[in-house]
1. So how tilted is helix 12-25 from the main axis of the chain? Cα-based, degrees 0 to 90, rounded to 10.
2. Among residues other than PRO223 whose Cβ falls under 13 Å from its Cβ, what is the net charge (Lys/Arg +1, Asp/Glu -1)?
3. Which of the trypsin sites (Lys or Arg not before Pro) across the range 62-168 are loop residues per DSSP, with 11 or fewer other Cβ within 10 Å?
4. Points 7 angstrom from Cα along the Cβ direction at ARG87 and SER52: gap in nanometres?
5. If you take the charge dipole of the range 30-126 about its Cα centre, with +1 on Lys and Arg Cβ and -1 on Asp and Glu Cβ, which of PRO63, HIS95, VAL84 is farthest toward its positive end?
6. Would you list LYS35, LYS252, LYS294 from the most to the least accessible area, probe 1.4 Å?
7. For a quick check of your reading of the filter: which GluC sites (Glu not before Pro) in the range 139-170 sit in a DSSP loop and have no more than 11 other Cβ atoms within 10 Å?
8. Might you report the magnitude of the Cβ-based charge dipole of the chain about its Cα centre, with Lys and Arg at +1 and Asp and Glu at -1, to the nearest 20 debye?
Amino acid sequence: MAIEFFYAGSDPLLQAEAVDMLALCFDEWVTFRQKYGCRFPFVEHSFAARESGELLGHVGIMPFEISDGRGAHLQVAGLASVGVHPRARGRNIAHELCTLAAEWAGNAQFDLMLLYTAAARVYEKSSWQVSQSVNNTLLTAPDERNAGGCWKSAAELSDREKSFIQAAYQALPPLAGRVRRSVDGKYFHSWPWFFANPASRFKLTDHGYILQIENVVCEVAAPEGEAYLAELLSGVKSAFLSPDDPAARFLKQNGYRSNNCIGDFGVWHGEVAMQKILLDRAGQTPLYWPLADKF
């Protein structure tokens, strides 16, 4: 019997099967199932492959928006939850599902598709490209530093502090690639999910905040002015930011070493940013990929 490839929307029964199938492929999905059960706790469009009633493959799209740097937003289809049943590998299933997902996203007027992956060659077969427009800079201190100030996990933040962080982020000027976080927790790229990340640690002052993941600063929200940045960034050892971010420029001016990460394999835990441009306007903007919103 031929394999059937189809769009499944957000069908909870299909996605329950997908969680079980993905848990056969990846250890992190075993942990995911233990935490959330056999369901996707946020909006995800599913594309599936079946043969003789058995689910053999799954690809998901998580919708979100990013700034184009000029006051408007690009519609992004984030590729996620990609897996093929161990018994069905080598049958071109992932390629067919990625192609189907891209066709659907194009028809739905998404501007581009994005993902971070350690398996770039798999996606290159489906016309994905290692992104030359994802414009990140890794900055490291010239010496050993001890981060000062009080750091809090997301779980330790009060509701007032969360509201302050949200307001400070939303007051930032446009920066191409910055994620527009939804207030609705049904989306992965939302404030509720942002504050659910156990790896996040925050340092707050009266004027702004910085976010650190695995000892790397990946988000800075502060008013313009070196005094505010100096207060927040005191003792920072490394940062992963857009080169257009005022915080990145401040660190470079203060002796931090810069490594531009465009198209660089192994940017983060061996993963590289990849993209598939769907509409012309998405290819005209050099983007940065915020680690804080990585999926």
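1. 80 degrees
2. Taking every Cβ under 13 Å from that of PRO223, the sum is -4.
3. Numbers: sites: ARG70, ARG87, ARG89, ARG91, ARG121, LYS125, ARG145, LYS152, ARG160, LYS162; in loops: ARG70, ARG89, ARG91, LYS125, ARG145.
Within the range 62-168, the qualifying trypsin sites (Lys or Arg not before Pro) (loop, at most 11 other Cβ atoms within 10 Å) are ARG70.
4. My value for the distance between the label points is 0.7 nm.
5. In the range 30-126, that residue is VAL84.
6. Details: LYS35 135, LYS252 110, LYS294 55 Å².
Ranked from most to least accessible, the order is LYS35, LYS252, LYS294.
7. Here the sparse-neighbourhood loop sites are GLU144.
8. So the magnitude is around 220 debye.
The values are calculated or read from the model by the stated rules, or taken from the named source; none is laboratory data. Since the model is a prediction, treat every value here as computed from it, not as a measurement. Neighbour counts run over all protein chains shown; Cβ positions are idealised from the backbone, glycine included. Just so you know, the surface numbers come from the protein's heavy atoms only, side chains and all, with ligands and any DNA or RNA stripped out. Shrake-Rupley method; radii C 1.70, N 1.55, O 1.52, S 1.80 Å.
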